[in-house]
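The values are calculated or read from the model by the stated rules, or taken from the named source; none is laboratory data. Worth saying up front: this structure is predicted, and the values here are computed from it rather than measured. Quick reminder, even Gly has a Cβ in these numbers, built from the backbone with ideal geometry, and neighbours come from all protein chains shown.
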Amino acid sequence: MKLLFTVVLSALFLIPVSSHAQIGIYVNPVATRVSNSQADTGPAAFLGAGTTSRTFWGADIGGYYDFFHGKSVDAGVDFRDTISGANNARMNTFLIGARVVAKNLSPSWRPYVQLSGGVGSSRAPHTSLKASRATYAVFGGADYKLNRYIDIRVVEIGYGSLTTVSNASVGNTPESYPSSHLLHISGGLIFRIR
């Protein structure tokens, strides 16, 4: 997954960029609240035995490429790898998404929304049990332009879903286990390249 992220990010730099295209790169801290409607109790319980929610801490590493510039909006793609952990459990999601940025509200503020899909992997605490599944997320946020090359991502909030490793996913129980709901909160710096 890290190799895929590196290849995609490298491809962004090799794509010919017009004078109006905008590329941004970021590494930002992220908090992700992972919650389930049902507690898992076995050795492969991702959140811990009997736990229905936990906050994971980590980093968003990614970039965006805004290639369409309209009168009131810009549009492009966002690539990100989110690496986080809590209670000795690990979660890694790689997402590719379409983003739309409103640009006429203020010269310095750039609010945006994006819809992303990709692959997420999870590892249960104190075991080597892992699972990789499809995932999605919807994000909204606002960037503030400091200067020509640096923006501050004031806030980004996202909601998504991922089927994490569980006793049911590794065959320890015959019952099914619901997908985890993911609530992301992030902010930080963006380095823009024109």
Residue list for segment 19-33, restricted to those being in contact with a strand residue (DSSP E or B) (Cβ under 8 Å, 6 or more places away or on another chain), modelled with pLDDT under 95 and either under 15 Å from Ser179 (Cα atoms) or polar (S, T, N, Q) (or both): Gln22
Boolean, Ala137 is modelled with pLDDT under 95 and in a strand (DSSP E or B): no
Candidate set: segment 54-77, residues that are charged (D, E, K, R) and out of contact with any Asp or Glu (no Cβ under 7 Å at 6 or more places or on another chain); chosen: the one farthest from Asn88 (Cα to Cα): Lys71
Scan of segment 102-122 for residues that are crowded, with 16+ Cβ neighbours inside 10 Å, at pLDDT below 95 and over 20 Å from Gly58 (Cβ atoms), ordered by number: Lys103, Arg110
Some residue of segment 149-160 being farther than 12 Å from Leu95 by Cα and in contact with an Asp or Glu (Cβ under 6 Å, 6 or more places away or on another chain): yes
Among (1) surrounded by fewer than 18 Cβ atoms within 10 Å (Cβ to Cβ); (2) at pLDDT 95 or above; (3) over 21 Å from Ser37 (Cα atoms), the one test that Thr55 misses: (3)
Every residue from segment 63-74 that is surrounded by fewer than 20 Cβ atoms within 10 Å (Cβ to Cβ) and either within 18 Å of the chain's Cα centre (by Cα) or free of Cβ contacts under 8 Å to residues at least 12 places away in the same chain (or both): Tyr65, Phe68, Gly70
